[in-house]
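Just below is one structure, and these are the notes that go with it.
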Amino acid sequence: MSILLIDIGNTTADFRYCEENGSELFSLVRPATYSEEYTSDKKIIEIINQKGLKIDTVVYSSVVPNWNVLIRAIASALEAKLVNVRDFVFEHCELFEVDDVNRVGADFIANYFAATDKYNIENGIVVSMGTATTLLLIQNKKFVGTVIAPGLESSLNGLISNASLLKEFEYNKTSKLIGKNTVDAIDIGAFDGHWCLVKGLIDKLTKDFKVEKTVITGGNAIHFKQEMNENNFIYDEELIFFGLSHILTKK
């Protein structure tokens, strides 16, 4: 039997699966969050059936309420046990030193448990680079707070969305230090500028808190592999899915 792991963000809906021992993850499908093709459970069920998967448990993290209904329909159609990562946090409220544990995002919860379990982080930072770029601070193995900033693509889209002449170009990371044209200048500002934001926030937290390890995840982190390596940061693209699968061992 297999476990279906679902991470619903504001940009994509990432479906993966693993066997019950959780030793290896496999990608199932990753549509855009607001894709009209995935407005019912039928498309997902069709893909699962095509792969011949037997799903007995569905574990999910979602920051998009509309998808919660769809996920419940998927679990029901599969006759599978449904586990919402948010429900799990109420059993471990003592680990969350925040104003209101009810308002902690599901993605933060999954990444927190993944970081403490997989990397044995007692004092550290988890950076997630997605629609938003977030930093999660762990102290004495407790979730003590977060920082939320606009994500790389969100910032870039904010810059070009109201400028017609900028919309026709593609923007990518570059090794150039200074731009000789508008596209190069935006490439430098968007990508290098975003890394400076991330590194600056990490450095600021490190001055006042004990930080032994920094783990970076999220879809936009792939642009900064060299920078992560230079700073001895851990890159883990699958972090949230490790958290989702290992939450089952804690229940």
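The values are calculated or read from the model by the stated rules, or taken from the named source; none is laboratory data. Model, not experiment: these values are computed from the prediction. In this analysis, Cβ positions are derived from the backbone assuming ideal geometry, glycine residues included, and neighbour counts consider all displayed protein chains.
Hey, among the residues in segment 48-77 that are of a type in the set (S, T, N, Q) and assigned to a helix (DSSP H, G or I), which one's farthest from C18 (Cα to Cα)?
Once the filter is applied, the top-ranked residue is N66.
If I filter segment 80-91 for residues that are modelled with pLDDT of 95 or more, farther than 21 Å from I222 by Cα and among the acidic types (D, E), do I get at least one hit?
No, there is no match, as no residue in segment 80-91 is modelled with pLDDT of 95 or more, farther than 21 Å from I222 by Cα and among the acidic types (D, E).
Could you please find all residues in segment 16-29 being of a type in the set (S, T, Y) and either assigned to a strand (DSSP E or B) or surrounded by 14 or more Cβ atoms within 10 Å (Cβ to Cβ) (or both)?
Scanning segment 16-29 gives Y17, S27.
Any residue in segment 120-135 that is among the charged types (D, E, K, R) and at pLDDT below 95?
The answer is no, given that none of the residues of segment 120-135 is among the charged types (D, E, K, R) and at pLDDT below 95.
Scanning for something of a type outside the set (S, T, Y), buried (at least 16 other Cβ atoms within 10 Å of the Cβ) and within 14 Å of F241 (Cβ to Cβ), does segment 46-58 turn up at least one residue?
So far as segment 46-58 goes, yes, one or more of its residues are of a type outside the set (S, T, Y), buried (at least 16 other Cβ atoms within 10 Å of the Cβ) and within 14 Å of F241 (Cβ to Cβ).
Please specify each residue of segment 30-42 satisfying the condition of being surrounded by 15 or more Cβ atoms within 10 Å (Cβ to Cβ) and within 17 Å of A73 (Cα to Cα).
T33, Y38, D41
Taking V98 and the conditions (1) closer than 21 Å to S27 by Cα; (2) part of a loop (DSSP other than H, G, I, E, B), which numbered condition does it fall short on, given that it satisfies the others?
Just one mismatch for V98, condition (1).
Does any residue in segment 168-183 that is surrounded by 13 or more Cβ atoms within 10 Å (Cβ to Cβ) come within less than 9 Å, Cβ to Cβ, of a residue that is assigned to a loop (DSSP other than H, G, I, E, B) and among the acidic types (D, E) six or more places away or on a different chain, and which pairs are these?
V183/E170
Among residues belonging to segment 198-222 that are farther than 25 Å from Q139 by Cβ and out of contact with any helix residue (DSSP H, G or I) (no Cβ under 6 Å at 6 or more places or on another chain), point out the one that is surrounded by the fewest Cβ atoms within 10 Å (Cβ to Cβ).
Across segment 198-222, the extreme among qualifying residues is I222.
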